[in-house]
Every structure is written in structure tokens, then in C-alpha cells.
1. Nearest 20 debye, what's the magnitude of the dipole of segment 108-183 about its Cα centre given +1 on Lys and Arg Cβ and -1 on Asp and Glu Cβ?
2. Enumerate cysteines in the chain without a disulfide-compatible partner, where compatibility requires another Cys Cβ under 4.7 angstrom.
3. As an exercise, identify the trypsin sites (Lys or Arg not before Pro) in segment 13-57 lying in DSSP coil whose Cβ has no more than 16 other Cβ atoms within 10 Å.
4. With all protein chains present, calculate the accessible area of residue 108 using a 1.4 Å probe and round the result to the nearest 10 Å².
5. Accessible area per residue of the chain at 1.4 Å probe, in Å²?
6. If I model a spin label as a point 7 Å beyond the Cα along the Cα-Cβ vector, how far apart are those points for residue 186 and residue 314 in nm?
7. Which chymotrypsin sites (Phe, Trp or Tyr not before Pro) in segment 195-226 pass both tests, a DSSP loop state and at most 10 other beta-carbon atoms within 10 Å?
8. Per residue of the chain, what 222 nm ellipticity follows from adding -39500 (n - 2.57) for every DSSP H run with n ≥ 4, rounded to the nearest 500?
Amino acid sequence: MPTPTPPPTPPPARPISKAEFVDSTPLLADPAALRARADEDGYLFFRQRLPADEVLAMRAEMLAIVDRHGWRQPGQDALGGLIDYDAINRLTEEEMHRTDVGVTAEAYHEVQRLERFHRLPHHPRLLEIYRTLFGREVLVHPRHIARLVTPHTCMVPTPPHQDFPYIQGTTQTWTAWFPVGDCPRSLGGLTVLRASHRQGYLPVQPAKGAGGFAVPLCPAETEWIEGDYATGDVLTFPSYTIHKALRCQFKDRVRLSMDVRYQAADEPVESRSLQPHCPLTWEQIYAGWQHDDLKYYWRQLPLQLSAWDDGYLKPQRRIC
Ligand SMILES: O=C(O)CCC(=O)C(=O)O
Ligand SMILES: [Fe+2]
């Protein structure tokens, strides 16, 4: 009997590289160089883009909501993010899954009603990025998302995905992601797959974690870029860039972050991007605001609407 030939040895797994975000602040003075880097890398990172005091004021308001719901440990100052693990885990998975942001729908709606939450995305230091990048008038999508990623056992890190299937409209919609407070890697910040935007739309499969779908990764896709975020740092990327969250290593902390979208005002936008990211109406969201200037601001713009296409979230195999 001939001895069976042993199976071929698999090639050594490609090491997962973990390069650090490159700060693009100096390129804001050189739009062509900024665009070239964006085309090359599929992301831009800016240190200390937002004033720390404004981000921390946002943090205090979010944490006050977490506190009122009884999920924060006692004895901390207004900026402390220590969570009562047992208290948060008394919530059922059903209560948690009515949102995928890390807290119940009631708490999330309170965040959505905060005027500051809708004002911070219009900060001139953020708008400067997109005016420079697009070279024309910017539309800030009013549909902002807050993440209050608590240590509830049902929370899993956001899986690798592109934002395009969830947002649609122009493919040149950019997401800004920023932590609301310091966010070292150990707290589960966002990481991007370098240059992944060049592949265009990629098929999705159902997955656990925010959004509910993931792009299956190919073996060569290992060049993740990450970093320890400080308060005020901002990561931004176009809607074909694959990104995911790192796993939070702590059982007693909340990761607070915001994600916000920007596009050139003369490109198509899908109408859901002009609706709140929760079942509240704009009237309900605006009910307690002190100022009117940011209410329905997009209605002043001659926007071009595009249709929603369910096909982008139909599971399909990805061929590597
Ligand atoms: O914060 C997260 O876990 C997910 C954020 C995200 O996917 C985004 O900002 O597009
Ligand atoms: Fe995303």
C-alpha cells in the first residue's frame, strides 16, 4: 500500500499588522495632499481636533443619563465612566437589543434629545475637515449616532463592515467617529482596514454586533490601523472603508463615542439620513432645546434625494 501523501502544509498565516493612525492635521493646509492621503489610505485621523472641554461637557451629559438609570457606580465625579456591572446586567437581552448602542431605548432617546449631541457635529473644527476635503459646501447628516457601550454580556464589538449599505446616497459620504472622553485601545475604539475603500461595495453576511451584518474578510486583509484615542481625537473615512471596533477589556467601564456623517451638499443623499436614529420625531428631539438655529437646517439646502436599495443588505458570498 502506498503511504498517502500528507496534505500540503498551509502557508504561514499572514501576521496581523497593527500600525498606528497617522495624524493628518498638517495636511489641512494643503487640500491636494489631504485628498491624496485619503485616496491612498481610506481614512484620515486628526489629533485634538475637537476642544477637550466641549467633548467632556458632552461626556458629562451622557454619563448623567447612564447615572439616572442606575448603571453607574456611585462615588465618581461627573466624568467617571465606571459602570455597575450587576445593575446593567439586570437588563434583559430584549431590552438591550431594542437598540444596538449599548443601553436601553429609553436611555438612548434621552441622549438623542440632548441639544449638545446635535450641535457638536457642526463644530467649525470638524466642518473644516470636510470643506477642505470636498472643496465645496458640506451637508452634515442630522442622523447622529451615540454609542454607550456598556459591559452587558450581550454586547459584542462592532464587526468589520462598510457604512455604505446602511447609509447609501453618495459613496462619498464620510463618517466621523470620535470617543467622548479618552479611549485607549483597551476600551474598544474603532479601527480601520487600510486602503479597503478601493474595493468598492463588498457583500455582507449576518453577524453579531452593531448593524447586524459583516463583510467577511479575505486572508490578505490584515492591515488594521488603530490607536489610543485621547479626548478630542477624530477618525474619519469614506463609506466603503472597512472598519470595526476593538474588544473592550473591562467589565466595569462604558465606552462613549459618537458617529456622524458628512458629504458634499450637491451629491445625492438617501432620505433616512435626514431622519433621527431612533423612533422619536424631530419635534420630540427638539422639545427641550434652547436654540433654533440647528432645527431642520438641511431643509434650507436644495438636496438631491436618492432611493434606498435593500439589495446592499442581502446576504451574499464574498469571493476572495
Ligand atoms: O462605535 C462602534 O462600535 C461602531 C461605529 C461605526 O461603525 C461607525 O462609526 O461607522
Ligand atoms: Fe460603521
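1. Dipole of segment 108-183, to the nearest 20 debye: 140 debye.
2. 154, 183, 248, 278
3. Loop-located and lightly packed - 47.
4. Around 0 Å² of this residue is reachable by solvent.
5. On the way: 14980 Å² over 320 residues.
On a per-residue basis, the chain sits at 47 Å².
6. 4.7 nm
7. none
8. On the way: 9 runs with 71 residues, N = 320.
Calculated mean residue ellipticity at 222 nm is -6000 deg cm²/dmol.
The values are calculated or read from the model by the stated rules, or taken from the named source; none is laboratory data. Please read all numbers here as calculations on a predicted model, not as lab measurements. Cβ atoms come from the backbone with ideal geometry, glycine included; neighbour counts cover every protein chain shown. Accessible surface areas use protein heavy atoms only, side chains included; no ligands, DNA or RNA. Shrake-Rupley method; radii C 1.70, N 1.55, O 1.52, S 1.80 Å.
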